[in-house]
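Below is one structure, written out as structure tokens; the observations come after it.
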Amino acid sequence: MRIDLLTDPVAGLDEALAAVDAFDHVLAGGLLRPQKVAGLTELADAVAGSPLAARVAEAAEKTAAGAAGEEHFVSLAAARIAVFGSVHDALLARLAEATGRPSGEEVVPGAREAGSPNLLAAARSWLSDLARAGWQGIEHDLVSASAPVISALLAEPGLRRLAVLLDGFAAELAASCPGAALDRVPARRWGDLWSRGMLLTVPGVAATPAAGTVTGRLLPLGVDLLEHATAAQAQVHAVFEPEDGGAARLVRASVTAPKPDTVIGAGIWQLLRPRLSLLAAVSEGRSMDIVDMSVTAEGDLLWRDEQARLGEAADAFATARVALSTVTASVVAPLDRHPARIAVPVFLEGYTTEGGEDALTFVFAGNRLAVDTDRVPAAGPLTPKAVAGSGACVGLIRWDDGGFRLQPLAVETTVRKKTTAVHAGAWAGGTTDKAGVKAEKAATDAAAVLRERAGRLLRK
């Protein structure tokens, strides 16, 4: 692992991000009568050498004149996503060089039903109205106009991706109204949601290749737990070894569940555990044998418990030491190429640490890699203190706040003069650990109270 490559500047990166930021500044003020037209020009210049050049140049000109239509806003959204896609690809290329890991084959989109043209047009119209008003011009009436559109989209399975995006986006905007009173506008986040939503309203853009099937052995590396007030997701990163002896590859298996905001910490596993048997394998340090399991071109397993069974013992650190340098990396679909999605599994050892638990850095022969301890979940025994005292780490390299950062999934640390592995997902499938048992009991009691109160309300 060449840590020095993660600290070297990436050519053109700052210029690309500056072009996006300039456009986002224009979008914040509104595209109906843009005050900072230079931001439109910067975005157009950023894609001047691409097939989008003519359309984006026309869109920038029309928008600057206050005469843009929905098709011009789509072109601007496409340009913004294309610039972020180029940033994503440049960062992944740097990571591939640093890890020496072969890349997978390019994703070729397949055919998919486009959905109702009328619903897509309605969603595009609402997003266009948002862009005209800008984030500083949003009002409750404008945001609430999305409600009937989102309800109709949710009823169409093929449009569920767009519907969920717009539903969450509208909720964020509603909580921020009126825009004129905002002290700080999350310009990049809302720009991301707006531009992605605009492209998803174009028929065929969200088309993805049909999933294939795989048979072989799955060797878990670690669990990334994501928590929201009303939902939680566990994503298991693993190495897959095909039964036919083909090249091993990186894959993921995810499970998501709704949750009440009172269920936190280890209690989250009680919601996720019944939906994904792989979590038990992670806790027990075992492999899983899968048969004819569906998998997307991007390496996401479409998990079905009946197609998997527990296998032999499989230590995550042994897997990482032996396999991670040679596995084939996952590919990314064109629409999903964004630096925020980068999460590359790596194995690191031979480092020292600097800084406290809140600002921890791994040091490798003078080269430094920031550690994102904020991403260590409370639902497991892994703590920032354990990371700070570790000598080896399995984690995910991410790109955040202008640089590469490491999210620890598991570490090897010394406990009573003995090397011990500590995993973020150690409690995923259940635990006998005292702290874990105590946290599970507290979550069980909270869930029981919620069920009793819900039953009382229903009886009334």
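The values are calculated or read from the model by the stated rules, or taken from the named source; none is laboratory data. Note that the structure is a prediction, hence the values are computed from the model and not measured. Neighbour counts are summed over all protein chains in view; Cβ atoms, including those assigned to glycine, are modelled from backbone coordinates with ideal geometry.
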> Taking interchain pairs and intrachain pairs at least six residues apart, which have beta carbon atoms under 8 angstrom, with the first residue in the range 307-328 and closer than 15 Å to L250 by Cα and the second surrounded by fewer than 20 Cβ atoms within 10 Å (Cβ to Cβ) and polar (S, T, N, Q)?
Replying inline: T328/S103
> Would it be correct to say that G391 is in contact (Cβ under 8 Å) with a residue 12 or more places away in the chain and farther than 20 Å from L92 by Cβ?
Replying inline: yes
>> Within the range 355-381, take every residue that is of a type in the set (G, A, S) and surrounded by fewer than 17 Cβ atoms within 10 Å (Cβ to Cβ) and give me the one that is nearest to V327 (Cα to Cα).
In response: A365
>> Return the residues of the range 252-275 that are of a type outside the set (G, A, S), modelled with pLDDT of 85 or more and surrounded by fewer than 23 Cβ atoms within 10 Å (Cβ to Cβ); say none if nothing qualifies.
In response: R252, V255, T256, Q270, L271, L272, R273, P274, R275
> Any residue at all in the range 167-183 that is at pLDDT below 95, assigned to a loop (DSSP other than H, G, I, E, B) and touching a Ser or Thr at 6+ places or on another chain (Cβ under 7 Å)?
Replying inline: yes
>> Looking for something modelled with pLDDT of 95 or more, hydrophobic (A, V, I, L, M, F, W, C) and closer than 17 Å to R132 by Cα - is there at least one such residue anywhere in the range 34-42?
In response: yes
>> If R275 satisfies all but one of (1) touching a helix residue (DSSP H, G or I) at 6+ places or on another chain (Cβ under 9 Å); (2) in contact (Cβ under 8 Å) with a residue 24 or more places away in the chain, what's the number of the condition it fails?
In response: (2)
>> So, restricting to strands (runs of 3 or more DSSP E) that lie completely within the range 298-354, which ones have at least 3 residues that are within 25 Å of the chain's Cα centre (by Cα) and buried (at least 18 other Cβ atoms within 10 Å of the Cβ)?
In response: 344-349
> Which of the residues belonging to the range 199-239 are without any contact (Cβ under 8 Å) to a residue 60 or more places away in the chain and within 24 Å of F317 (Cβ to Cβ)?
Replying inline: L226, Q235, A238
> Hey, F73 hits all of (1) assigned to a helix (DSSP H, G or I); (2) closer than 18 Å to W399 by Cα; (3) not acidic (D, E) but one; which does it fall short on?
Replying inline: (2)
>> On the basis of being in a strand (DSSP E or B) and either of a type in the set (V, I, T) or under 28 Å from R416 (Cβ atoms) (or both), does V394 make the cut?
In response: yes
> Quick one: what pairs do we get from the range 164-183, first residue over 11 Å from G137 (Cα atoms) and touching a residue at least 24 places away in the same chain (Cβ under 8 Å), second among the basic types (K, R) and not in a helix (DSSP H, G or I), C-beta under 8 Å, 6+ apart or different chains?
Replying inline: none
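Is one or more of the residues making up the range 235-255 within 22 Å of I150 (Cβ to Cβ) and of a type outside the set (D, E)?
We begin by selecting, within the range 235-255, every residue within 22 Å of I150 (Cβ to Cβ); these are none.
No: the range 235-255 contains no residue that is within 22 Å of I150 (Cβ to Cβ) and of a type outside the set (D, E).
Considering only the range 4-12, I want to know if a residue exists there that is buried (at least 21 other Cβ atoms within 10 Å of the Cβ), touching a residue at least 60 places away in the same chain (Cβ under 8 Å) and touching a strand residue (DSSP E or B) at 6+ places or on another chain (Cβ under 9 Å).
Step one: list which residues in the range 4-12 are buried (at least 21 other Cβ atoms within 10 Å of the Cβ), which gives 6.
From the residues that got through so far, the ones that are touching a residue at least 60 places away in the same chain (Cβ under 8 Å) too are 6.
Next, only the ones that are touching a strand residue (DSSP E or B) at 6+ places or on another chain (Cβ under 9 Å) stay: 6.
Yes.
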>> Restricting to the range 277-297, give me the number of residues that are buried (at least 20 other Cβ atoms within 10 Å of the Cβ) and in a helix (DSSP H, G or I).
In response: 5
>> I need the full set of residues from the range 165-210 which are under 16 Å from A133 (Cβ atoms) and either touching a strand residue (DSSP E or B) at 6+ places or on another chain (Cβ under 8 Å) or among the charged types (D, E, K, R) (or both), in order please.
In response: E172
